[in-house]
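Each remark here refers to the structure printed beneath this line.
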Amino acid sequence: MQSDAVTRSASDAVSAPAKVLVYGAYGHTGRFVVTELLRRGLLPVLSGRNGSALEVMAAELGLDARRADVTDAEAIDEAMRDVAAVVNCAGPFAHTTGPLLDAAHRRRIPYVDVAAEIEANEDTFTRIRERAGDEGEIVVPAMAFFGGLGDLLATAAMGDWADADAVHVAYGLSSWHPTPGTRAAGTVSRERRDGRHVTFRDGRLQYGEDESQDTTWPFPEPLGVRPVRSKFSMADIVTIPKHLRVRDVDCYMTVEAVAELSSAATPAPVPVDDDGRSEQTFVVDVVVRRGAEQRRASASGQDIYAITGPLAAEAVDRILSGRTRTTGVASAGAMFDPASFLDALHGELSWTIESRRLAEPPRSDRS
């Protein structure tokens, strides 16, 4: 009898789903992450600062909830008790990343976040690379629509090239109804850079005057040529050059989306389907250029916040199952095989890749 009980206990332990702490689980993006973790057979543990929101969500989903404020190291450590990984969905990430990173380090568990803040992501790379004794640690920042998806596409497009002149990431959004979290994160980022504009030029982040301008971008059909705002820097200017040898990284955003993001009157996203997605559609078109050669990878889907759910959850699933390519702090394209990762999202995302030779290098890529 005792032997049988021990055997059953061991069997149950092996088959039990891995627990994943989702900090900021009750937020707009956090809910998508929780849903996608459940779909992958993982067990989310809900956490964050808002105790009442946690209780409601825990009752709704039948999940464990652990309230913790990032200013309370003991509470954060306790929240991470017996979990296999942590996903940080709570912005502004300038405030939450450091304490959660440190707690994950103490617990020796992987850390993933969905940060879009340029400075917060740069801080994460700096913090981990300067920290001693992090052998085997896994940290993946910006595992989201901004920063993660573009990096996966850029890595897939670059393929066997050792270096490139430029990576262009063009965002074709049908609309952009920002969440309160997006607005708060944007405010923090602007304050941190004292209103300066940030770009990645000549192999480094540079701060200066806003040189963005309206131009056009030839998105894949059926979107086609659309007006875009150039030098609309997003987290990709941090994640891509952290592992790809590239001189310049430029981002572009459809002007309609820029206008909606800039307007205080634009409402938050409203769900239109059972999955909670808004009607927003997107195309992310990444072009990598080297001399007269061009390689292109594009992805399309619905709702930039919703797609962050499978991006982050797939990352956690691959980390916990050992399907990674490195350790330490790394962006999506460095940590995972990009083509395999993108293929795994076939239910939520369509993507293509192509290469061709140009008649001459584009003007923007010339020295």
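Since every read-out is calculated from the coordinates, none of them should be taken as a lab result. Everything quoted here is computed from the prediction, not taken from an experiment. Note that we place each Cβ from the backbone using ideal geometry, even for glycine, and neighbour counts take in every protein chain shown.
Is the shape of segment 227-362 rounded, prolate or oblate, going by the alpha carbon gyration tensor and its root eigenvalues a ≥ b ≥ c, with a/c under 1.5 for rounded and a/b larger than b/c for prolate?
oblate
Ignoring everything except DSSP H segments at least 4 long, calculate the 222 nm mean residue ellipticity for the chain; use -39,500 (n - 2.57) per segment, divide by total residues, nearest 500.
Calculated mean residue ellipticity at 222 nm is -11000 deg cm²/dmol.
Computed from the coordinates I sent, volume of the Cα convex hull per residue in Å³ equals one of [x] 146; [y] 155; [z] 185. Tell me the label.
[y]
With a sphere of radius 11 Å drawn around the Cβ of Asp303, what net charge do the other residues whose Cβ falls strictly inside it have (Lys, Arg +1; Asp, Glu -1)?
Neighbourhood net charge equals -3.
For segment 119-204, what class follows from the C-alpha gyration tensor (a ≥ b ≥ c being the square roots of its eigenvalues): rounded when a/c is under 1.5, otherwise prolate if a/b is larger than b/c, else oblate?
Here segment 119-204 falls in the oblate category.
Relative contact order for the chain using alpha-carbon pairs under 8 Å, separation at least 6, rounded to a whole percent?
The value is 20 percent.
Using the Cα centre as the reference, give the magnitude of the dipole from point charges on the C-beta atoms of the chain (Lys, Arg: +1; Asp, Glu: -1; all else neutral), rounded to the nearest 20 debye.
580
Please state the charge dipole magnitude for segment 2-140, taken about the Cα centre, from unit charges on C-beta atoms (+1 on K and R, -1 on D and E), reported in debye and rounded to the nearest 20.
Here segment 2-140 has a charge dipole of around 360 debye.
Could you compute how fast segment 2-140 diffuses translationally, taking Rh as the Kirkwood radius over C-alpha pairs and applying Stokes-Einstein at 20 °C with viscosity 1.002 mPa s? Give it in µm² per second.
136
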